[in-house]
Amino acid sequence: MPVPDWALRILRLSWHMPPALVRLGKILAALVFCGLGILLYALIGEVDALDCDRATGLCTLTHATPTDSRTRQFPVAELTGARLEYGGLSQGGWKSRSSGSQKIALITRDETIPFTSFATSFKRDQMKRQLAEIQEFARTPSRPSLTIRFDERPLAALVGGVFFLFGVAALVATLRGGM
């Protein structure tokens, strides 16, 4: 059975997107990548700090992100140690040791306080050193002070920077007419 002429005309019909619309789409895509880079830096880039001073009798826990900073204080005498908590799926209280992600938690007489706000598997050795240092400080009353920093800004700059620079490169190429 032969194909009708009207069907052949429809099949041969092709729609071409106007070049200006294609260029606009490329610019918007590049800007999305730039925005994702900035967003990733804002979400990942944080500094967690613990400063304990026996002279003042206070431990100050600071959590700073590019958009916010929170500080909490508690007595040095309350600090009894620290432990590694395993991350994983937090729904229903389930935590998997197989996920490989860990975070430091401070142990006081009354509660367990998270030192880092999220679990990571990238800085395991650093976390183990910091954990040992916190535990040693809690066991040694003669040690006058403790300062611990956990800085995720370099990782955030790397991850966010890759997205941002890809977006900038795509934007420049589009504006120059190369893409």
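The values are calculated or read from the model by the stated rules, or taken from the named source; none is laboratory data. Just so we're clear, the structure is a prediction, and the values are computed from it rather than from any experiment. Positions of Cβ are generated from backbone atoms using ideal geometry, with glycine treated the same way; all protein chains shown enter the neighbour counts.
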Whichever residue in the range 44-72 is assigned to a loop (DSSP other than H, G, I, E, B) and of a type in the set (D, E, K, R) and, among such residues, is farthest from the chain's Cα centre (by Cα): ARG54
Would you mind telling me which numbered condition in (1) loosely packed, with under 14 Cβ neighbours inside 10 Å; (2) modelled with pLDDT of 85 or more; (3) over 30 Å from ALA170 (Cβ atoms) LEU79 fails? (1)
Say we look at the range 148-179 and pick out the residues that are more than 22 Å from the chain's Cα centre (by Cα) and not hydrophobic (A, V, I, L, M, F, W, C); which of these is modelled with the lowest pLDDT? GLY178
Selection from the range 127-179 of residues farther than 29 Å from LEU39 by Cα, surrounded by fewer than 16 Cβ atoms within 10 Å (Cβ to Cβ) and acidic (Asp, Glu) yields GLU136
Only residues in the range 106-126 that are surrounded by 16 or more Cβ atoms within 10 Å (Cβ to Cβ) count as the first member; pair them with residues that are in a strand (DSSP E or B) and at pLDDT below 80, Cβ under 8 angstrom, at least 6 apart or cross-chain, and list the lot. ALA119/TYR86; ALA119/GLN102; THR120/GLN102
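Residue-by-condition table, conditions (1) of a type in the set (Val, Ile, Thr); (2) modelled with pLDDT of 90 or more; (3) over 21 Å from GLY160 (Cβ atoms):
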site: ILE10; (1), (2), (3): yes, no, yes
site: SER14; (1), (2), (3): no, no, yes
site: PRO19; (1), (2), (3): no, no, yes
site: LEU50; (1), (2), (3): no, yes, yes
site: THR65; (1), (2), (3): yes, no, no
site: ILE104; (1), (2), (3): yes, no, yes
